[in-house]
Amino acid sequence: MGQSNNYDGKFGFALKNPSFSDRMLQIKVIKGPQLEKLKANFMDNIVKWFLGFYSRDQRVLPTEPKEQVLRTEEIHVNSAILASKSHFFHKLFSNGMQETDPRNNVTIKIDASEAVAFMELLHYMYEGKVSSSAEGSFVTLMDVMRLSDKFQVVSCNDYFIQLIKRTMTPESANVLVTGDILPLVEAAKEFLVTRYKDVMKFEKELYNLTLPAIEVIFSMEELQVPSEDLVYNMVVKWARKKYPLPQERRAVLGSCITRLVHFPCLSPGKLKDILARDDLDPDLANCVVKEALFFKAESSKEILDRRSIKRDYTSCIYYFDLSLDRCKRLKVNEFLYSGRFYLGNQSFCLSIYHFSTALGVYLEPKDSLLKEITVNYTFSAMKKPEMDFMKNNTTEHKFTSLSKWGYRNLFNMPWESFVAEDNSYFIDEMLHLKVEATIVE
């Protein structure tokens with residue numbers, strides 16, 4: 001019985017191989033305005049491609065006068081393989097080229113900036129996939145995707161969508177969430193929600209995101225954030241970085257901030273601060289502050305709007321930074337509090353104590369408890385050289401009153417060692433604490 005070779009529809013072995021080729025593809029690499037024109041309408045072209053709005057005549061490669069040919073490359077190709085994958089090549093090979101060109105050549109023109117993407121597209125048509133280096137490059141994938149529209153390679157839709165979804169990064173999600181390709185928009189939203197649920201962990205990344213990405217993140221109810229004040233601060237800080245002109249900033253914030261911030265849950269100090277600053281339009285600022293104050297004065301039974309409801313977290317992660325200088329200035333038996341954070345509609349805080357012999361850290365309710373609440377919590381602190389949070393033991397406690405619970409000596413070291421310059425828990429003279437807390441039902 002003869003040996004059978006099964007290539008599963010993959011013909012990578014045939015690319016550039018004269019033995020398996022019947023045509024010579026002549027590629028003229030030109031320098032011209034084609035690329036800029038195509039990129040200007042890139043997302044629109046891709047959407048129309050998905051929806052089938054283009055006719056074939058609209059997709060034919062343009063020829064432009066006075067174009068400069070930088071170089072000419074020749075590649076052995078199999079016309080049957082290319083024609084089966086691409087309507088463009090099917091039309092090209094069916095156009096009488098064999099009789100008009102004694103060398104059996106076919107010629108196409110591409111912009112110099114398209115050369116890498118075109119070779120990847122050829123690779124896909126032969127192999128059913130792009131190269132491993134292209135798989136990890138969002139820019140290359142989008143360039144190949146654009147060219148697949150230009151050369152009418154309609155079979156690659158699902159492949160590129162799945163590949164881009166699988167290799168999603170903050171940068172690619174930030175771009176895709178602004179587009180109109182629904183599968184990629186939904187995948188980008190899912191990525192953003194998952195990555196930024198603990199918003200404090202990647203706060204610096206937030207300020208590089210687009211408005212649609214910011215709206216996705218801060219509109220989710222599962223957002224883990226210590227207090228609503230912090231939500232407002234981050235949204236406004238993002239707007240200040242993106243829109244330095246006050247008039248433009250107020251317009252953008254006015255279009256989105258009432259959907260992102262639960263104003264009645266802001267502290268009185270933050271409401272006062274809103275009126276004192278010019279980030280919001282004065283009429284809008286007066287409106288949201290007045291609404292928040294009315295809510296605080298009314299019964300909770302009057303809650304009608306999602307903006308009036310505290311984020312009812314069953315778990316949260318809270319970060320608190322403390323400078324070495326501030327620790328050194330803490331007197332014996334003196335203590336300080338962190339900001340508020342919410343867990344199950346109950347406000348908590350961290351309390352930091354300077355005992356005579358050590359540093360104590362406690363979790364405690366900030367206000368009177370509405371009901372008993374059992375909390376599973378873990379303290380951790382960032383440490384050198386790992387530059388990662390090192391966890392303490394996980395503890396479970398039922399809070400029944402305004403009592404605190406935690407550790408009298410969190411780091412198991414005397415006070416003198418804790419405030420020493422070489423303490424590995426201080427990074428650039430800053431102590432980074434974290435508490436992870438979950439309500440136990």
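Can you tell me which residue in region 318-339 is modelled with the highest pLDDT, limited to those that are out of contact with any Gly (no Cβ under 9 Å at 6 or more places or on another chain) and among the aromatic types (Phe, Trp, Tyr)?
Checking each candidate, the answer is Tyr337.
Take the conditions (1) surrounded by 15 or more Cβ atoms within 10 Å (Cβ to Cβ); (2) closer than 22 Å to Gly344 by Cα; Arg259 misses just one of them, which is (1).
Just name the residue that is farthest from the chain's Cα centre (by Cα) out of those in region 123-134 that are closer than 12 Å to Met145 by Cα and of a type in the set (A, V, I, L, M). Here the answer is Val130. One residue stands out among those in region 352-371 that are surrounded by fewer than 17 Cβ atoms within 10 Å (Cβ to Cβ) and small (Gly, Ala, Ser): the one that is modelled with the lowest pLDDT, which is Ser368. Scanning region 121-147 for residues that are at pLDDT 80 or above and among the hydroxyl-bearing types (Ser, Thr, Tyr) yields Tyr124, Tyr126. Considering region 80-120, and only residues there that are at pLDDT 80 or above and of a type in the set (Lys, Arg), the residue that is surrounded by the most Cβ atoms within 10 Å (Cβ to Cβ) turns out to be Lys85. Which ones in region 135-189 are under 21 Å from Ser219 (Cα atoms), touching a helix residue (DSSP H, G or I) at 6+ places or on another chain (Cβ under 6 Å) and among the acidic types (Asp, Glu)? Within region 135-189, Asp180 is the sole residue that qualifies.
Taken over region 135-175, the criterion of being over 17 Å from the mean Cα position of the chain (by Cα), surrounded by fewer than 19 Cβ atoms within 10 Å (Cβ to Cβ) and of a type in the set (Ser, Thr, Tyr) is satisfied by Thr140, Ser155, Tyr159. Confirm whether Ser380 is part of a loop (DSSP other than H, G, I, E, B), of a type in the set (Gly, Ala, Ser) and either in contact with a strand residue (DSSP E or B) (Cβ under 6 Å, 6 or more places away or on another chain) or closer than 21 Å to Ile317 by Cβ (or both). Spelling it out, it is not the case that Ser380 is part of a loop (DSSP other than H, G, I, E, B), of a type in the set (Gly, Ala, Ser) and either in contact with a strand residue (DSSP E or B) (Cβ under 6 Å, 6 or more places away or on another chain) or closer than 21 Å to Ile317 by Cβ (or both).
Does Tyr342 satisfy being among the aromatic types (Phe, Trp, Tyr), in contact with a helix residue (DSSP H, G or I) (Cβ under 9 Å, 6 or more places away or on another chain), assigned to a strand (DSSP E or B) and closer than 20 Å to Ala437 by Cα?
Values: among the aromatic types (Phe, Trp, Tyr): yes; in contact with a helix residue (DSSP H, G or I) (Cβ under 9 Å, 6 or more places away or on another chain): yes; assigned to a strand (DSSP E or B): yes; closer than 20 Å to Ala437 by Cα: yes.
When the stated conditions are applied, Tyr342 passes them.
Looking across region 332-351 at every residue that is among the polar types (S, T, N, Q) and over 32 Å from the mean Cα position of the chain (by Cα), the one that is surrounded by the fewest Cβ atoms within 10 Å (Cβ to Cβ) is identified as Asn333. Scanning region 176-191 for residues that are surrounded by fewer than 21 Cβ atoms within 10 Å (Cβ to Cβ) and closer than 25 Å to Val225 by Cβ yields Thr178, Val185, Glu186, Lys189, Glu190. Each residue in region 393-415 was checked for being assigned to a loop (DSSP other than H, G, I, E, B) and aromatic (Phe, Trp, Tyr), and 1 of them qualify.
Confirm whether Glu386 is more than 21 Å from Cys316 (Cα to Cα) and either crowded, with 17+ Cβ neighbours inside 10 Å or acidic (Asp, Glu) (or both). Show your work before the answer.
On the way: more than 21 Å from Cys316 (Cα to Cα): yes; either crowded, with 17+ Cβ neighbours inside 10 Å or acidic (Asp, Glu) (or both): yes.
In short, yes.
When the residues of region 192-237 are filtered to those that are at pLDDT 90 or above, within 19 Å of Ser338 (Cβ to Cβ) and not polar (S, T, N, Q), the one that is surrounded by the most Cβ atoms within 10 Å (Cβ to Cβ) is Tyr232.
Has region 238-256 got any residue that is of a type in the set (A, V, I, L, M), at pLDDT below 90 and crowded, with 18+ Cβ neighbours inside 10 Å? Working first, answer last.
As a first pass, look at region 238-256 and keep what is of a type in the set (A, V, I, L, M): 239, 245, 251-253.
Filter once more, keeping what is at pLDDT below 90: none.
For region 238-256, residues of a type in the set (A, V, I, L, M), at pLDDT below 90 and crowded, with 18+ Cβ neighbours inside 10 Å: absent.
The residues in region 267-315 that are within 29 Å of Glu248 (Cα to Cα), surrounded by 14 or more Cβ atoms within 10 Å (Cβ to Cβ), of a type in the set (D, E, K, R) and modelled with pLDDT under 90 can be counted, and the count is 3. With the structure loaded, tell me whether Met145 is part of a helix (DSSP H, G or I) and under 25 Å from Val193 (Cβ atoms) or whether it fails that test. For Met145, the condition - part of a helix (DSSP H, G or I) and under 25 Å from Val193 (Cβ atoms) - is met.
The values are calculated or read from the model by the stated rules, or taken from the named source; none is laboratory data. All figures in this text were calculated on a predicted structure; none of them were measured in a lab. Cβ sites come from the backbone with ideal geometry, for glycine too, and all protein chains shown count toward neighbours.
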